[in-house]
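The values are calculated or read from the model by the stated rules, or taken from the named source; none is laboratory data. Predicted model only: the values in this text are computed from it and were never measured. Cβ sites come from the backbone with ideal geometry, for glycine too, and all protein chains shown count toward neighbours. Accessible surface areas use protein heavy atoms only, side chains included; no ligands, DNA or RNA. Shrake-Rupley method; radii C 1.70, N 1.55, O 1.52, S 1.80 Å.
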Amino acid sequence: MTDFSSKKALILGGSRGIGAAIVRRFAADGASVAFTYAGSHDAAQALAADTGAAAIQSDAADRQAVIDVVAGQGALDILIVNAGALVMGDPLTLDADAVDRMIDINVRAPYHAAVEAARQMRDGGRIIVIGSVNGDRMPFAGGAAYALTKSALQGMARGLARDFGARGITVNIIQPGPTDTDMNPSDGPMAEMMHGFMAIRRHATGQEVAGLAAYLAGPEAGIITGALHTIDGGFGA
Ligand code: NDP
């Protein structure tokens, strides 16, 4: 456990999966938590009722909505951008609008959210974005567009770490490997193939990823910035 009792955290994309595990972890550790969601109204309300976190409907594909929701939180201590989309398939036949929407959610939203958060963020704040080990390694066909979104976050973190470092604000990317969520169920059709790339042949849990987020947001991680933190069972090893 980490003591976040005087900390204010915003999690973009918190209704399900890894984001919901992060909401639960940070709320349990005492943070004042707000999270956004897009379509999963019932799940968001249930999570809010369970944890005391505030649920805010806001589409990460809408740049102004992202900026508004971050600005509306005032001075944050912790911003975690988790919302992500996965569009995979043959690039010759993939729907171009779906690819562009994924880029909006996975790349443009984290950038604008991070910049907006930094305007009011308290010194020593934490900005964490959930990337993917696919930012480093894409070992099968059909993942080029998704991989490009996760690789883009790497450059963003390195640059923003320089921009905000003087204020003690850290900027880090968590890069999960296969993690058991609706996006990538541990009993899904791709699971066995993905386990074949791993040293520890199982999906991670959302709680394991949330634990790394808590560490990076916590007091021991103040010197860690501009860095990629892979949590993938050796998928990228
Ligand atoms: P899920 O699909 O299970 O959950 C996605 C979450 O993001 C939901 O809470 C969803 O909210 C929210 N979200 C999606 N689109 C939007 C949007 N446009 N606006 C606001 N919120 C949105 O995904 P995971 O938990 O698996 O993934 C979370 C992150 O981790 C993503 O960035 C993903 O790329 C990354 N990741 C996941 C891996 C995995 O194996 N699961 C591996 C590596 C990285 P709602 O349902 O309300 O729309």
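Points worth noting:
- Zone of GLN64's modelled label, taken as backbone nitrogen in the stretch 77-121 under 11 Å from a point 7 Å along Cα→Cβ: none
- Between 0 and 90°, nearest 10: helix 206-217 axis offset from the chain longest Cα axis: 40
- Kirkwood-type radius of the chain, with distances r between different C-alpha atoms, in Å: 17.6
- Figure note: HIS195, HIS203 ranked by solvent-accessible area, largest first, 1.4 Å probe, ligands and nucleic acids not counted: HIS195, HIS203.
- Pairwise FRET efficiency - LEU94 versus ALA237, Cβ, R0 = 30 Å, nearest 0.05: 0.55
- Counting only DSSP H runs of at least 4 residues, each contributing -39500 (n - 2.57), and dividing by the residue count of the chain, the helix-based mean residue ellipticity at 222 nm comes to -11500 deg cm²/dmol.
- The peptide list 129-135, 41-47, put in order of mean Cβ contacts within 10 Å with the highest first, becomes 129-135, 41-47.
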